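Reviewing the structure listed below.
The values are calculated or read from the model by the stated rules, or taken from the named source; none is laboratory data. Values in this document were obtained by computation on a predicted structure and should not be read as measured data. Neighbour counts run over all protein chains shown; Cβ positions are idealised from the backbone, glycine included.
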């Protein structure tokens with residue numbers, strides 16, 4: 001009788017552990033991206049676009065592009081930037097990359113501030129810039 005109860009207990013425990021592990025990636029997490037993290041992601045993006053990137057480069061490039069897109073969307077909803085409809089995400093990422101090339105950053109600075117400055121300079125919200 002005890003082995004049957006023990007076996008049931010072990011099955012339930014294993015099933016619960018599996019469920020927890022299966023759901024964990026879907027929960028996601030909030031992360032801080034520093035200026036140096038942003039730079040590394042953009043370098044990885046260049047390698048991935050050039051065909052020399054690893055799988056890790058592709059993941060880092062996607063994460064960085066997603067971060068930049070999130071900042072852009074938030075700024076657009078506040079009408080801080082107005083990106084024309086013919087501008088692709090690749091163009092926006094390139095804009096940030098070019099900004100970093102021209103402007104020194106503090107490695108521990110906030111990436112959101114860098115993206116904000118880069119996009120505000122290139123995509124201001126005024127009638128002339130949108131035409």
Scan (1) at pLDDT 75 or above; (2) exposed (fewer than 11 other Cβ atoms within 10 Å of the Cβ); (3) within 27 Å of residue 123 (Cβ to Cβ) for the single condition residue 31 breaks and write down its number.
(1)
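Yes/no per residue for (1) closer than 13 Å to residue 123 by Cα; (2) in contact with a helix residue (DSSP H, G or I) (Cβ under 6 Å, 6 or more places away or on another chain):
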{"site": "44", "(1), (2)": "no, yes"}
{"site": "47", "(1), (2)": "no, yes"}
{"site": "54", "(1), (2)": "no, no"}
{"site": "61", "(1), (2)": "no, yes"}
{"site": "67", "(1), (2)": "no, no"}
{"site": "74", "(1), (2)": "no, no"}
{"site": "79", "(1), (2)": "yes, no"}
{"site": "83", "(1), (2)": "yes, no"}
Take the range 65-116 and flag every residue that is within 20 Å of residue 46 (Cα to Cα), part of a loop (DSSP other than H, G, I, E, B) and without any contact (Cβ under 8 Å) to a residue 12 or more places away in the chain.
88, 104
Given (1) at pLDDT below 85; (2) surrounded by 14 or more Cβ atoms within 10 Å (Cβ to Cβ); (3) touching a strand residue (DSSP E or B) at 6+ places or on another chain (Cβ under 7 Å), number of the condition residue 72 does not satisfy:
(1)
